[in-house]
Amino acid sequence: MRIALVGNPNTGKSSIFNMLTGLRQHVGNFPGITVDIKQGKFETETQLIELVDLPGTYSIYPRSEDERVVYRSLTEDGNAFYPDAILAVIDASNLERNLLLASQVYDLGLPTVFVLNMNDVAQRRGIKINTDVLRAAFPEAQFVEANPRVGLGKTRILDALNSIGKRSATSAVSIYEMDDIESQEKETISRYVTIRKIVSKAEIRQETSQFKSKWDKILIHPVFGYLIFGAILLIIFQFIYAFANYPMDLIDGLFSSLSFWLSSVLPEGAFTDLITQGIVPGIGGVVIFIPQIALLFFFISILEETGYLARVVFIMDRLMRPLGLNGKSVVPMMSSVACAIPGVMAARTISDRKERLITILIAPLMSCSARIPVYTLLIALVIPKQTIFGFMNVQGLVLLGLYLLGTVMALLIAFVLKLLIKSNEKGFLLLELPEYKAPRWGNIGLVVWEKVRIFVWDAGKIILAISIILWAMANYGPSDRISSARMAAIAQAEKNALNEQETEKLISSVEMENSYIGIMGKSIEPVIKPLGYDWKIGIALITSFAAREVFVGSMATIYAVEDDGGEQIGLTEKLKRETDRNGDKVYTLATGVSLMVFYAFAMMCMATLAVVKRETKSWKWPLIQVGYMGVLAYLGAFIAYQSLI
Amino acid sequence: MLKLLSNIANGEEVSVVGIQSSELRVKLLEMGLLEGQTLRVLFRAPFGDPIAVDVNGYTLSLRLNEAQLVLVQSKELAE
């Protein structure tokens, strides 16, 4: 039996979902609409239940992409999520507003179980609810009380679902079309008239004085509000950079030893090479970002759970609006610092189409974790290790500068897009500021798990596919070009009396030079010359079009050095010595900075493009994104190189 | 005297008289801003926009241009 879980935002709906399903959750997609819907399975005494967690909404009539899914899932009979019954959560601390959606879904005519969430807020306000009045108002529905925070009510919900029966056929009330606003208004008013009568009889409030948190005084303060938000961001990012490195080094080591071990046990040949040089490093390249992404979402979901994030939206909205953004854009932008994929998806909560689109288009300009290996290598290469004013590390300042560059450019582009994109819709921000509460760690764990899974799944399959393609392009070339180059390299190695290891590196270097990718790198040299790049950098650029972090590995192969992961001392030293035909250094400050600017702006992530296509439902926007970011990257790098040379 | 919700000072209590016709009217109604509903302006974001309003025990935030759609009168007059 399929059951839809519905309710207002901030009603503890996801807690109830987690309480019922535990870890048996997966994410599904509504056909045609690409909003991920959480689904979970659990058993009652008699049957297996598939619970569909629909996005939180105040009314069945939708205004945002998220809410549209609720409307369609519940009204289009025969769609993949059309439920056999409805489980609707009602927050006892706000009975009146919650009953609007509750009465709407009750009138759909499906068997309905109402879960009255007697949460802490309701208890603190001394709210008591006479469920007999509610039962009389919704005679064909069942009512159960629950408090998921203390794990109360699970058995009662299961019992209710077990005894679910058919509704009498006449009880369904037809609902209006999504865009019939006039009728929706009339319906809403008449529903509230009825609801108020019910509430006046059903609800007993012992204490009428409202509990209002003193926290709001400081957290939305014109000065301290922003300072606190800034400090929280700083602490989060400090924490991530301090601690994500350990698991990342571990993962890196693990995958290189796996590759090494596989190449020693498997028979030599193209297939083994595909596994050890294409697939295993490809998977490793996905897995390595998990620690950072998990940590960032751990913090973001704490902020969300406690109710603080809504205050951030509240204080940022006025600042973001002149840029064509929404207070809610802060969350996608923060997420994009880990990875643009969950960032782009987080923009769904923005109900205004234009503000959402702009948020999606600029999200990849925020410096994501995949840029860090590139920045780290380039900074080590061209920025001197020294301190200014006695304590500020120049290399660290450059890294910070690159983050700022991305953020400032994102905001600037947002402003330009605001002027360019036309929209008849008026943006709005009707937002509930939930009361502050302690985070529920179980919920946070599940959010982190879900975000990591989305990343591994959505980005992972594309990164993996591309790394296999790139492996092939780097290992094969037209006719026997590679094999003759290999012969020449062996001859040269013999002449120079290189040892076995050096010979092998030289061979892989010339092989890459003569592969399809090498040829492509050489052919784009004239285009990238004004940026200060030679064909070797061209190869690295092409290989990292799919995923930026591949840059480091490609450079290591091209320069025939071991990619030793974290430190890259071998590679840095080699690059520092690299000279062009005239004997001038290739990796000057100008070239290095030009490359950093290029990577800060360029849209080099196929996985993000795929997600943007999915979210905007057309190729138009991802293509525009590739275009504008490409122009930015080229111009930015050009200016950087030409002014520093 | 009718006023706009956007002009109400922090801490002041008012009751809703109506909402000007607009695309947002149905959303504001859904959020509980019905005729006769008591509202109390709680606080404003820095720069005075958006504002936070107590609606029947929960806190709703609206941008000023959204609050401008809401016609209110002071509580004493309503009674």
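Structure summary
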read-out: Span from the segment A:353-378 Cα centroid across to the segment B:9-48 one, whole angstrom; value: 37 Å
read-out: C-alpha long axis of helix A:589-601 to longest principal axis of chain A, angle in °; value: 30 degrees
read-out: Equivalent ellipsoid, segment A:448-528 (semi-axes from 5 times Cα gyration tensor eigenvalues, Å); value: 34, 17, 11
read-out: Calculated [θ] (222 nm, deg cm²/dmol) that DSSP helices of n ≥ 4 give over chain A, each run adding -39,500 (n - 2.57); value: -18000 deg cm²/dmol
read-out: 37 °C / 0.692 mPa s Stokes-Einstein diffusion coefficient of segment A:160-311, Kirkwood radius on C-alpha pairs, µm²/s; value: 143 µm²/s
read-out: Set of lysines near A:Lys422 by C-alpha distance (under 29 Å), chain-local residues within fewer than 8 positions excluded; value: A:Lys328, A:Lys354, A:Lys613, A:Lys617, A:Lys620, B:Lys27
read-out: 10 Å Cβ neighbours from other chains, averaged over peptide A:430-439; value: 4
read-out: Cα gyration tensor of segment A:354-445 - equivalent ellipsoid semi-axes, whole Å, descending; value: 35, 23, 13
read-out: Amide H contacts of A:Gly109 (H built 1.01 Å from N, under 5 Å, at least 5 apart or other chain); value: A:Val173
read-out: Bridge type composition, the protein assembly as shown - antiparallel percent by DSSP, nearest 5; value: 70 percent
read-out: Solvent-accessible area per residue, Å², over segment A:302-435 with all protein chains present [probe radius 1.4 Å]; value: 35 Å²
read-out: Chain pair B, A: total accessible area buried, heavy atoms, 1.4 Å probe, Å²; value: 3500 Å²
read-out: Normalised contact order of chain B, rounded percent, pairs of Cα under 8 Å and 6 or more residues apart; value: 43 percent
read-out: Sulfur and carbon atoms: percent of accessible area, chain A [1.4 Å]; value: 63 percent
read-out: Relative contact order computed over chain A (Cα-Cα under 8 Å; 6+ residues apart), in percent; value: 10 percent
read-out: 3J(HN,Hα) from dihedral phi, segment A:46-60, Karplus parametrisation 6.51/-1.76/1.60, rounded to Hz, x for glycine, proline; value: 10, 8, 8, 10, 9, 9, 9, 8, 6, x, x, 8, 8, 8, 6
read-out: Charge-dipole axis of the protein assembly as shown as Lys and Arg at +1 and Asp and Glu at -1 on Cβ define it, positive-most pick from A:Tyr403, A:Phe598, A:Thr131; value: A:Thr131
read-out: Loop-located trypsin sites (Lys or Arg not before Pro) in segment A:584-645, at most 16 other Cβ atoms within 10 Å (DSSP); value: A:Lys617
read-out: Minimum 40 Å² accessible area buried by the other protein chains, segment A:284-329 residues, probe 1.4 Å, relative to alone; value: A:Phe314, A:Arg318, A:Arg321
read-out: Accessible area per residue in Å² at 1.4 Å probe, computed on segment A:32-155; value: 31 Å²
read-out: Furthest towards positive pole of dipole, A:Ile228, A:Val105, A:Asn94, structure part chain A, Cβ charges; value: A:Asn94
read-out: Exercise: per-residue mean of other protein chain Cβ atoms within 10 Å, A:216-222; value: 3
read-out: Charged-residue dipole, Cβ positions (Lys, Arg, Asp, Glu), segment A:241-338 about Cα centre, Debye nearest 20; value: 620 debye
read-out: A:Lys41 paired with A:Asn162, simple spin-label distance in nm, labels 7 Å along Cα-to-beta-carbon; value: 2.1 nm
read-out: Under 21 Å from the Cα of A:Lys201 - lysines, other chains or at least 8 residues apart; value: A:Lys128
read-out: Kirkwood hydrodynamic radius over Cα pairs of the protein assembly as shown, then Stokes diffusion coefficient at 20 °C and 1.002 mPa s, in µm²/s; value: 76 µm²/s
read-out: Average partner coverage of A:462-469, which counts Cβ from other chains inside 10 Å; value: 0
read-out: Segment A:442-545: GluC sites (Glu not before Pro) in DSSP coil with no more than 15 other Cβ atoms inside 10 Å; value: none
read-out: Farthest toward positive dipole pole in chain A [+1 Lys/Arg, -1 Asp/Glu at C-beta], among A:Gly538, A:Ser183, A:Ala640; value: A:Ser183
read-out: Between 0 and 90°, nearest 10: helix A:65-75 axis offset from chain A longest Cα axis; value: 50 degrees
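The values are calculated or read from the model by the stated rules, or taken from the named source; none is laboratory data. Small disclaimer: the values here were computed from a predicted structure and weren't measured. Here Cβ is always computed from backbone atoms with ideal geometry, including for glycine, and neighbour counts include all displayed protein chains. Calculation scope for accessible area: heavy atoms of the full protein, side chains included, ligands and nucleic acids excluded. Shrake-Rupley method; radii C 1.70, N 1.55, O 1.52, S 1.80 Å.
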